[in-house]
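One structure is given below, encoded as structure tokens.
The values are calculated or read from the model by the stated rules, or taken from the named source; none is laboratory data. This is a predicted model, so every value here is computed, not measured. So basically every Cβ, Gly included, is an ideal-geometry build from the backbone, and we count neighbours across all protein chains shown. Note: areas computed on protein heavy atoms with side chains; ligands, DNA, RNA excluded. Shrake-Rupley method; radii C 1.70, N 1.55, O 1.52, S 1.80 Å.
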Amino acid sequence: MDLLLLLLLSLLLVSFAYAATDQDGFIGVNVGTALSDMPSPTQVVALLKAQQIRHVRLYDADRAMLVALANTGIRVTVSVPNDQLLGIGQSNVTAANWVSRNILAHVPATNILSISVGSEVLTTLPNAAPILVSAVNFIHSALVASKLDSRIKVSTAHSSSIILDSFPPSQAFFNRSWDPVMVPLLKFLQSTDSYLMLNVYPYYDYMKSNGAIPLDYALFRPLPPNKEAVDSNTLLHYTNVFDALIDAAYFAMSYLNFTNIPIIVTESGWPSKGDSSEPEAIIDNANTYNSNLIRHVLNNTGTPKHPGIAISTYIYELYNEDSSTGSESEKNWGLFDANGVPTYILHLTGSGTVLANDTTNQTYCVARDNADKKMLQAALDWACGPGKVDCSPLLQGKPCYEPDTVAAHATYAFDAYYHRMALGEGTCDFNGVATVTTTDPSHGTCIFPGSRGRNDTFINGTSLAPSSNSTPSGSSAQNLHNADTSLSSLVIDVLLCTFLVFF
């Protein structure tokens, strides 16, 4: 009797632990495609896996990208583009076809967990506002018909600018002109256990404040108590703009009598470069903001209004989009360039694995001593050709031209490929003429890819180097995810059996 109760209690604790894990905040990234040399879907996914990014948001439902994401375990948010909103909002048949083509064709292999129906519709496409809720409902109804509504959440991403008088947060409210949209939308989110998607950009709030908002307050930098912003109505203290905007959204929802809808930040970031009118769009500020944001989210800090309630966030964005229109900053929000090279090295040592590209246990790929020169030359030719390594630094007059030997040039090309392929098994072999070392081969102004103060776990190539021992690897993350799901199901089954037997 006592033993059975103890077993029941233990199983309950395990199930609660799993439930608690689901509530932890996560960091994801947005993947924009306005690049003049957009990496292929397989290259994008390789970069995500190398950087341990487990959540990604797409601005469409591109088939090739969803296929590439299959069987990776990466959690995916897809989007109905704004230019498709009108058709879907006016026809449940069109919505059902969209779900069939873009969702049913890919699940369960691709782990699609949510759909954003449009993006910032109220502020960028106000003429479509009247059909926004219909579009959301039609997409959800199609999921219900396919028995996917419990797995895939539906919402729509909003700009935080729909919130007026955002400070103090306790006085914030949604633009009243949007009540005919926001009220039924919030009812939908509440009834389907979905969440409010919000794009939060302290950078823009700082830029528009004309000095009223201190830069440190926008960047999550520590503030002395006398510099913290205090909500005079609640006496809550705010140490950063991000939390204040999130709480403003909570209060705005409560003003409309919705108090139990969670928030997910679908976009947030800081540009690393701007024009003359954007002096704070610099690498140091971008690094500071995103590093602090990641720590803030992963620590499950929550906000002053809801401490400990995680605010999962998608960083804007994975790549610098050099084809974006507008100011210089619009092209420079990315964590990486098109080649998968980090724009800057996030200060994340000790804060988990996601995007934590520190230099611990750095390794390099170099040409073997006394390797056959003809084999070295063949491997060098492959790396700079099918291997898609950028070998321009090896040209005459460039930093890595000297020493002008096959071995030296091959070492640079081998190491570049090795790091582009995330130091993967079999990527430093080249038919036996390459080997791994912990000695940095950089010299003078010739800086090798792995020596720039980062762990270079990025990939931007799909060709596999000639190797005598390379083997395919499975997705351990997917296996772990499946194991978690199985264990969780087992816990529930045992609990049910225990209840039936015991009672």
(message) Restricting to segment 175-226, name every residue that is within 28 Å of the chain's Cα centre (by Cα), open to solvent by 60 Å² or more (accessible area, probe 1.4 Å) and of a type in the set (G, A, S).
(response) S191
(message) I'd like the full set of residues that are under 23 Å from T123 (Cα atoms) and among the β-branched types (V, I, T), limited to segment 137-179.
(response) I139, V154, T156, I162, I163
(request) Look through segment 90-121, keep the residues that are β-branched (V, I, T) and in a helix (DSSP H, G or I), and return whichever of them is most open to solvent (accessible area, probe 1.4 Å). (result) V93
(request) From (1) within 30 Å of the chain's Cα centre (by Cα); (2) under 17 Å from P169 (Cβ atoms); (3) of a type outside the set (F, W, Y), pick out the condition that doesn't hold for L235. (result) (1)
(message) Please count how many residues of segment 263-315 are aromatic (F, W, Y) and part of a helix (DSSP H, G or I).
(response) 1
(request) Return yes or no: is G334 of a type outside the set (S, T, N, Q) and at positive phi? (result) no
(message) For segment 404-420, give me each residue that is farther than 11 Å from A383 by Cβ, open to solvent by 20 Å² or more (accessible area, probe 1.4 Å) and not small (G, A, S).
(response) D404, T405, V406
(request) Could you grab me the full set of residues in segment 325-334 that are open to solvent by 30 Å² or more (accessible area, probe 1.4 Å), assigned to a loop (DSSP other than H, G, I, E, B) and touching a residue at least 40 places away in the same chain (Cβ under 8 Å)? (result) S327
(message) Restricting to segment 161-174, name every residue that is open to solvent by 20 Å² or more (accessible area, probe 1.4 Å) and in contact with a helix residue (DSSP H, G or I) (Cβ under 7 Å, 6 or more places away or on another chain).
(response) S161, D165, S166, F167, S170, F173
(message) If I ask for residues that are in contact with a Ser or Thr (Cβ under 9 Å, 6 or more places away or on another chain), open to solvent by 70 Å² or more (accessible area, probe 1.4 Å) and modelled with pLDDT of 85 or more, which ones from segment 355-372 would you list?
(response) R368
(request) Could you tell me which residue of segment 290-315 is modelled with the highest pLDDT, considering only residues that are among the hydroxyl-bearing types (S, T, Y) and surrounded by fewer than 24 Cβ atoms within 10 Å (Cβ to Cβ)? (result) S312
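From the list D322, D337, pick out the single residue that is open to solvent by 40 Å² or more (accessible area, probe 1.4 Å) and without any contact (Cβ under 8 Å) to a residue 24 or more places away in the chain.
Numbers: D322 fails: without any contact (Cβ under 8 Å) to a residue 24 or more places away in the chain.
Result: D337 is the single residue among D322, D337 that is open to solvent by 40 Å² or more (accessible area, probe 1.4 Å) and without any contact (Cβ under 8 Å) to a residue 24 or more places away in the chain.
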(message) Whether any residue in segment 2-15 is assigned to a loop (DSSP other than H, G, I, E, B) and modelled with pLDDT under 95 is what I want to check.
(response) no
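Does T21 satisfy the condition of being β-branched (V, I, T), closer than 26 Å to K331 by Cβ and at pLDDT below 95?
Values: β-branched (V, I, T): yes; closer than 26 Å to K331 by Cβ: no; at pLDDT below 95: yes.
Criteria not met by T21.
Search segment 50-66 for residues being under 11 Å from the mean Cα position of the chain (by Cα) and more than 14 Å from L113 (Cα to Cα), and hand back the single one that is surrounded by the fewest Cβ atoms within 10 Å (Cβ to Cβ). Reasoning before the result, please.
Taking segment 50-66 as the starting set, the residues that turn out to be under 11 Å from the mean Cα position of the chain (by Cα) are 51-58.
From what's left, more than 14 Å from L113 (Cα to Cα): 51-53.
Values: Q51: 25, Q52: 15, I53: 23.
Checked segment 50-66; the qualifying residue surrounded by the fewest Cβ atoms within 10 Å (Cβ to Cβ) is Q52.
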(request) Six or more apart or on different chains, Cβ under 7 Å: which pairs go from a residue in segment 29-48 that's touching a residue at least 24 places away in the same chain (Cβ under 8 Å) to one that's open to solvent by 10 Å² or more (accessible area, probe 1.4 Å) and among the acidic types (D, E)? Could you list them? (result) N30/E267; G32/E321; A34/E321; L35/E321; L35/D322; S36/D322
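Before we move on, is L148 open to solvent by 20 Å² or more (accessible area, probe 1.4 Å) and either closer than 28 Å to A212 by Cα or out of contact with any Cys (no Cβ under 6 Å at 6 or more places or on another chain) (or both)?
Answer is yes for this residue.
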(request) Scan segment 230-270 for residues that are without any contact (Cβ under 8 Å) to a residue 12 or more places away in the chain and of a type in the set (S, T, N, Q) and report the count. (result) 3
(request) Among the residues of segment 395-446, write down those that are aliphatic (A, V, I, L, M), under 29 Å from the mean Cα position of the chain (by Cα) and at pLDDT 85 or above. (result) A416
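Residues in segment 57-89 that are in a strand (DSSP E or B) and within 24 Å of L125 (Cα to Cα): how many?
Residues of segment 57-89 that are in a strand (DSSP E or B), as a first pass: 57-58, 75-80.
Okay, now just the ones that are also within 24 Å of L125 (Cα to Cα), so 57-58, 77-80.
Qualifying residue count, segment 57-89: 6.
How many residues are at pLDDT 90 or above and either in contact with a Lys or Arg (Cβ under 9 Å, 6 or more places away or on another chain) or in a helix (DSSP H, G or I) (or both) if we restrict to segment 376-388?
Applying the first criterion (at pLDDT 90 or above) to segment 376-388 yields 376-385.
Checking which are either in contact with a Lys or Arg (Cβ under 9 Å, 6 or more places away or on another chain) or in a helix (DSSP H, G or I) (or both) leaves us with 376-384.
Residues that pass the stated criteria total 9.
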(request) Kindly indicate the residue of segment 73-89 that is in contact with a helix residue (DSSP H, G or I) (Cβ under 9 Å, 6 or more places away or on another chain) and open to solvent by less than 10 Å² (accessible area, probe 1.4 Å) and also nearest to Q52 (Cα to Cα) among those meeting that condition. (result) I74
